[in-house]
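**Student:** I am attaching a structure below and will ask some questions about it afterwards.
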Amino acid sequence: MGKSEEEKKNRKGNGPVIRKTLRFMLRTAWKEKPSLFVVYGIQFAAQLIQKVQIVILPKFLMDELTLIIRGEGLSVHVKNVILYAAIICGMSLLSNVMNNVVYQWRAILEEWFNEYFETLLADHTMKMDFEHTEDPAVLDQLNRAKEGISWYSGGVTGVLNSVYNMVINVTVLAGVTMVIALTCPLLLPIQIVALFLITFLNAKQNQIEIVQYGKLAKINRVFGYYLYRLADFSYGKEIRLYDSAEMMCRKAGRKSDEMIGTWRELSERKRTYSWGMDVVNAIRDGLSYFYMGLLAITGRITVGDFTMCAAAASELYQGMWGVVSAWQDITKRCIYANEFLVFLEYPERLSKGERQVRGEKHTIEFSHVSFRYPRSEQYVLKDINLTISSGEHLSVVGLNGAGKTTFIKLLCRLYDVTEGEILIDGINIKEYSEAEYRKLFAVVFQDFKLLAFSLRENITFGEAAQEEEVNRVLELAGFYEDARKLPEGLDTMLYKSFDEHGTELSGGQQQKTAIARALYRNAPIVILDEPTAALDPVAEYDIYRHFDCLVGNRTAIYISHRLSSCKFCDRIAVFADNTIKEYGTHSELVGREKGIYAKMFAAQAQHYVEV
């Protein structure tokens, strides 16, 4: 399909998009801030006052001045001039005051809606299926949603401003059309023909903008990634030690050039239509003033009528153009804002059940589970069969890329299996309520994140903090003594993002905090993915030594490359070639001649044995 055919197809489909977006914007404004409609009411009254002041009153003032110049009834007409001038000044002052109120009030509401949509977008991003967060198409849509609801559409106020412009221009158009029809009727066809030509040229410009916007969405996302990483302190060490700033700047520069090129292309493609509109406007003005001047010279209208016709002609064209451009603007803004709705309505990949989780002891079963990531034909896991009894401690080992973390993602239901099923207590996990099911797990992923909150908040995540329990899990994680030494204890802010006195924890301290957070959740199933990777040997030994205390009688799944930790687990699952190759206790597996686990254990052990 060629570009022109695609653009025609897009235009045909704009009607439902516009109606849907307008309903959403009107409903949101009425539900969240109905005072916005009061603002538009005040603005409507102010603009009508301005139009009367500009179009109607100068006619009476000019006619009175003309009579004074002719010497007719000097005293009466001077009083009339003073009266009309005072009315004009009063109306001007009133409309300006009303417009200032509108401007300030609407600016406050605009900022409120900006924050409202940012919060709504963030909330949806956090709640949508995890699979979407690793999908490039969804990430591009997220960027289009962010830009579409803010920069390009202006959000609620941007769209409703265009709707308001349509309403006020239709009202003004009705009034000035009546004035012109009674005084200078031939002005109507001149303005209408000019409007038709301008509308056609402007529609071409708008379509060009919409097409170019689609190109800019991905470019902006990639450019932002490069640029923001350069300014992100958490990447500071790598950027400096590997001298990567120049490389990052080059990449950002290339994307910047690509972005500027796209804007340049937009400007060049619009230029011809802009020049065409300038020519049409010039011809329209010339014909209009020639016609009105001819009427005035021949005495068919007064000087006041000429003034009123000139103002009315300008308002007529502006009104007609305002209606058309407002509609085009509504169309354009709704198309941009609709990207936000598209993102909010991204279909769920995971089916959600309603079944409640019962009891405190749970058996986990993987039955013929195979999995490949979306948009990939290669299986990461193939025919996994495994049963984990309640209270059992399972160690998962294997080389990088063997599928260990994917195994955990499937169990936590961040993804659904491609084939087979995962059962909890004999029931397919798809049947459980998502909220209920997630409560089963306390997880420390290898790439865990801490937030720029207090230490306490990073552990409790907003729950009512139980001081004794927080201290207990910190002690179990080996961080209690260090936490007590922090400037504000548990209330010490982490990082300096928002608090100049914030604390930068070491890698080991961060990992201990993540372990404490998992323990505080007090879930029946604990999952630890490389939980000691950032710990020193002494701290690591303490974690192993107190492993039973750490997880207690809860079911535990422990992923580690350090096979000495496997001694503390009941069973070991060895992942290789996208499946479980070996399964058993440490003593069983280490005794297997030429076994994968035995070879891995021997390879690690030789570094700790004196030769």
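The values are calculated or read from the model by the stated rules, or taken from the named source; none is laboratory data. These numbers were taken from a predicted model, which means no experiment stands behind them. Backbone-built Cβ (ideal geometry, glycine too); neighbour counts: all protein chains shown.
**Student:** Kindly list the number of the only condition in (1) in contact with a Ser or Thr (Cβ under 8 Å, 6 or more places away or on another chain); (2) modelled with pLDDT of 85 or more that fails for Glu238.
**Tutor:** (2)
**Student:** Let me ask something else about it. Hey, among the residues in segment 369-411 that are among the basic types (Lys, Arg) and more than 14 Å from Val574 (Cβ to Cβ), which one's modelled with the lowest pLDDT?
**Tutor:** Taking segment 369-411 first, the residues among the basic types (Lys, Arg) are 372, 375, 382, 404, 409.
Filter once more, so that each one left must be more than 14 Å from Val574 (Cβ to Cβ): 372, 375, 382, 409.
Working: Arg372: 92, Arg375: 83, Lys382: 94, Lys409: 91.
If we take residues in segment 369-411 being among the basic types (Lys, Arg) and more than 14 Å from Val574 (Cβ to Cβ), then Arg375 is modelled with the lowest pLDDT.
**Student:** Is there a residue being surrounded by 12 or more Cβ atoms within 10 Å (Cβ to Cβ), in a helix (DSSP H, G or I), aromatic (Phe, Trp, Tyr) and modelled with pLDDT under 75 anywhere in segment 274-292?
**Tutor:** For segment 274-292, residues surrounded by 12 or more Cβ atoms within 10 Å (Cβ to Cβ), in a helix (DSSP H, G or I), aromatic (Phe, Trp, Tyr) and modelled with pLDDT under 75: absent.
**Student:** Here's something else I'd like to know. From Val167, Val138, grab the single residue that is under 27 Å from Trp327 (Cβ atoms), in a helix (DSSP H, G or I) and not assigned by TED's automatic domain parsing to the domain that holds Leu414. Break it down into steps so the answer makes sense when it comes.
**Tutor:** Details: Val138 fails: under 27 Å from Trp327 (Cβ atoms).
Going through Val167, Val138 in turn, the sole match is Val167.
**Student:** Counting only residues that are among the acidic types (Asp, Glu) and either part of a loop (DSSP other than H, G, I, E, B) or at pLDDT 85 or above (or both), which one in segment 439-472 is nearest to the chain's Cα centre (by Cα)? Spell out the reasoning first.
**Tutor:** Within segment 439-472, the first condition is being among the acidic types (Asp, Glu), and the residues that meet it are 447, 457, 463, 467-469.
In the following step, the residues that additionally are either part of a loop (DSSP other than H, G, I, E, B) or at pLDDT 85 or above (or both) were identified as 447, 457, 463, 468-469.
On the way: Asp447: 23, Glu457: 25, Glu463: 27, Glu468: 39, Glu469: 37 Å.
Per the stated criteria, the residue is Asp447.
**Student:** Give me the pairs, please: first residue somewhere in segment 52-75 and without any contact (Cβ under 8 Å) to a residue 12 or more places away in the chain, second residue anywhere and assigned to a helix (DSSP H, G or I) and buried (at least 17 other Cβ atoms within 10 Å of the Cβ), beta-carbon distance under 6 Å, and either six or more positions apart or on two chains.
**Tutor:** Cβ pairs passing all conditions: Leu67/His77.
**Student:** To continue, here is another question. Name the one entry in Gly401, Gly359, Gly391 that is part of a loop (DSSP other than H, G, I, E, B) and either without any contact (Cβ under 8 Å) to a residue 40 or more places away in the chain or outside the structural domain of Leu563 (by TED's automatic domain parsing) (or both).
**Tutor:** The match here is Gly401.
**Student:** Looking at the structure I just gave you, is Lys51 part of a helix (DSSP H, G or I), at pLDDT below 75 and under 30 Å from Gln205 (Cα atoms)?
**Tutor:** Numbers: part of a helix (DSSP H, G or I): yes; at pLDDT below 75: no; under 30 Å from Gln205 (Cα atoms): yes.
No.
**Student:** Regarding segment 376-389, can at least one residue be identified that is under 26 Å from Met126 (Cα atoms) and hydroxyl-bearing (Ser, Thr, Tyr)?
**Tutor:** yes
**Student:** I'm told Thr492 meets every condition in (1) assigned by TED's automatic domain parsing to the domain that holds Ser454; (2) at pLDDT below 85; (3) touching a strand residue (DSSP E or B) at 6+ places or on another chain (Cβ under 7 Å) except one. Can you identify the failing condition by its number?
**Tutor:** Just one mismatch for Thr492, condition (2).
**Student:** Somewhere in segment 501-510, is a residue farther than 30 Å from Thr387 by Cα, assigned to a strand (DSSP E or B) and touching a Leu at 6+ places or on another chain (Cβ under 9 Å)? Talk me through it step by step, then tell me what you get.
**Tutor:** Taking segment 501-510 and keeping what is farther than 30 Å from Thr387 by Cα, we get 501-510.
Filter once more, keeping what is assigned to a strand (DSSP E or B): 503.
With the extra rule that they be touching a Leu at 6+ places or on another chain (Cβ under 9 Å), the set shrinks to 503.
Looking through segment 501-510, at least one residue is farther than 30 Å from Thr387 by Cα, assigned to a strand (DSSP E or B) and touching a Leu at 6+ places or on another chain (Cβ under 9 Å).
**Student:** Hey, can you tell me all the residues within segment 250-263 that are basic (Lys, Arg) and either within 15 Å of Asn220 (Cα to Cα) or not assigned by TED's automatic domain parsing to the domain that holds Ile210 (or both)?
**Tutor:** Narrowing segment 250-263 to residues basic (Lys, Arg): 250-251, 254-255.
Within segment 250-263, Lys251, Arg254, Lys255 meet the criteria.
**Student:** Further question: Is there any pair linking a residue in segment 313-328 that is closer than 22 Å to Gly286 by Cβ and in contact (Cβ under 8 Å) with a residue 24 or more places away in the chain to one that is outside any helix (DSSP H, G or I) and of a type in the set (D, E, K, R), with Cβ under 9 Å and at least six apart or on different chains, and which?
**Tutor:** none
**Student:** Are any of the residues in segment 81-98 touching a residue at least 60 places away in the same chain (Cβ under 8 Å) and surrounded by 16 or more Cβ atoms within 10 Å (Cβ to Cβ)?
**Tutor:** Here is the first cut: in segment 81-98, the residues touching a residue at least 60 places away in the same chain (Cβ under 8 Å) are none.
Checking segment 81-98: not a single residue is touching a residue at least 60 places away in the same chain (Cβ under 8 Å) and surrounded by 16 or more Cβ atoms within 10 Å (Cβ to Cβ).
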